[in-house]
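Below is one structure; the comments refer to it alone.
Quick note: the coordinates plus some simple rules give every number you see, no bench work behind them. Source: prediction; values computed, not measured. No Cβ is skipped: glycine too gets one built from the backbone with ideal geometry, and neighbour counts run over all protein chains shown.
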Amino acid sequence: MPASSPVRSLISPGRYVQGPGALRAVGENLARLGAVPLVLVDDVVWGFVGHDVEASLREAGLPVHRKSFHGFATAAAVDDVAAAVGELGADVLVGVGGGSTIDTAKAAGHLAGVRWASVPTVASTDAPTSALAVIYTAEGAFEEYRFFPRNPDLVLVDSQVVAAAPAHFLAAGVGDALATWLEASAAAASGSATMAGGLPTAAGTALARLSWDVLWEFALPALDAVRDHAVTPALEKVIEANTLLSGLGFESGGLAAAHAVHNGLTAAPQTHGLAHGQKVNIGSLTQLILQGAPTSEIRDFVEFTTRVGLPTTLTEIGLSADDTEDLQAVAVAATAPGETIHAMPFAVRPDDVVAALRSLERFAVRVRAEAGLPAPVRYEAGH
């Protein structure tokens, strides 16, 4: 919706560090922020990064304290982690892992009144850089955005760790980041407020566009590199696009329909096992249809994101064009008051969203067949 003030702003993390072996520098970077860090991480992730993190902390003269985390970023989880920070007397909370862990760390760090840092081990979302967290119910349905007065003090990404992770994590990050330009351009057209407050900045919009250009050029070779567990210039560019450029672009450029449709899709239990970026890709296609984008642009987007490994049909996310009740629930949630879909340069009703979701199924199936791409099948959780 239109901003109430002509003020523009851009917000960003205090420091961004990326490169192979960056984990070995996590201690020296955290030592700038505090003396007693608490590392929030799940046991699986700790199994393959714990040695480097622990060694780096000790080398920097910092104690090693760890709290295990599993599941969604829920209000209860945030409260629990914030209590652990207080009990330990920690002054820095470090989220190590994926988006849920990092969002929980941000929200708990804010609640506990300490500084916080993001150490993503996959490039699957742009959550690590932002001054907000997405809170879910225990079942995985979207509940609320929580906004903080500042971004993480540190974002540190070890590209060798990202290269060692399954390729579907990087593909999900591409889906999340591709939406950034689509949404920022819509927000700029409507003069809508951004997550940073006020109108979009030219810098935020430009960074959103840069993330789009980088991904169209380098996403496919970067995915090949990850399948070979190799760090290449293409992979470095895509990690930065997925994490930093997209993070700055969505926050200071603006969100619109794509992420609102993602939030709406969480109302359908069938989608709960899917990655954030997988559902966002359906949101991007829905936005393109809603705004009447040229058919050639939608066709190109379907072909490209299918090759990336992202869902482009309802079938792949466990829905169908005949699921009237589920699609209506998705559409009502996506158009709820306060949702970012109202930043589109025109009004969007639930029936518009339902029509767009239904139409993308037949269109995408036809495009994929004409391009010789695989017919859609249901994605399994973690695909």
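Summary of computed values
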quantity	calculated
Helix-only CD estimate at 222 nm, as mean residue ellipticity for the chain, using -39500 (n - 2.57) per DSSP H run (n ≥ 4)	-16000 deg cm²/dmol
Ala164/Asp43 FRET efficiency (R0 30 Å; Cβ-Cβ; nearest 0.05)	0.95
Burial ordering of Leu57, Leu156, fewest other beta-carbon atoms within 10 Å first	Leu57, Leu156
Cα centre as origin, Lys/Arg/Asp/Glu Cβ charges: segment 16-163 dipole, Debye	360 debye
Positive-end extreme of charge dipole, the chain - chosen from Ala141, Gly71, Asn151 (charges on Cβ)	Asn151
Lysines whose Cα lies under 18 Å from that of Lys67, excluding same-chain neighbours fewer than 8 positions away	Lys106
Stretchable slack from Arg150 to Ser359, in nm (0.36 nm times residue separation minus alpha-carbon distance)	71.2 nm
Neighbour-count ranking [beta-carbon atoms within 10 angstrom, fewest first] of His65, His259, His168, His70	His70, His65, His168, His259
Net charge, Gly277 excluded, C-beta distance under 14 Å - Lys, Arg +1, Asp, Glu -1	-3
Charge dipole (debye, nearest 20) of segment 167-370; +1 at Cβ of Lys and Arg, -1 at Cβ of Asp and Glu	120 debye
Added length on full extension, which subtracts the Cα-Cα distance from 0.36 nm per residue, Ala369 to Ala60	105.7 nm
Positive-end residue, segment 167-370 charge dipole about Cα centroid, Cβ charges, pick of Leu288, Ala189, Ile317	Ala189
The chain - charge dipole about Cα centre, Lys and Arg +1 at Cβ, Asp and Glu -1, debye rounded to 20	600 debye
Nearest-ten-degree value, helix 202-227 long axis tilted from longest Cα axis of the chain	80 degrees
Gain upon complete extension [Thr295, Asp80; 0.36 nm per residue less C-alpha separation]	72.5 nm
Exposure proxy ranking, count of Cβ atoms within 10 Å, fewest first, for Glu240, Glu251, Glu139	Glu139, Glu240, Glu251
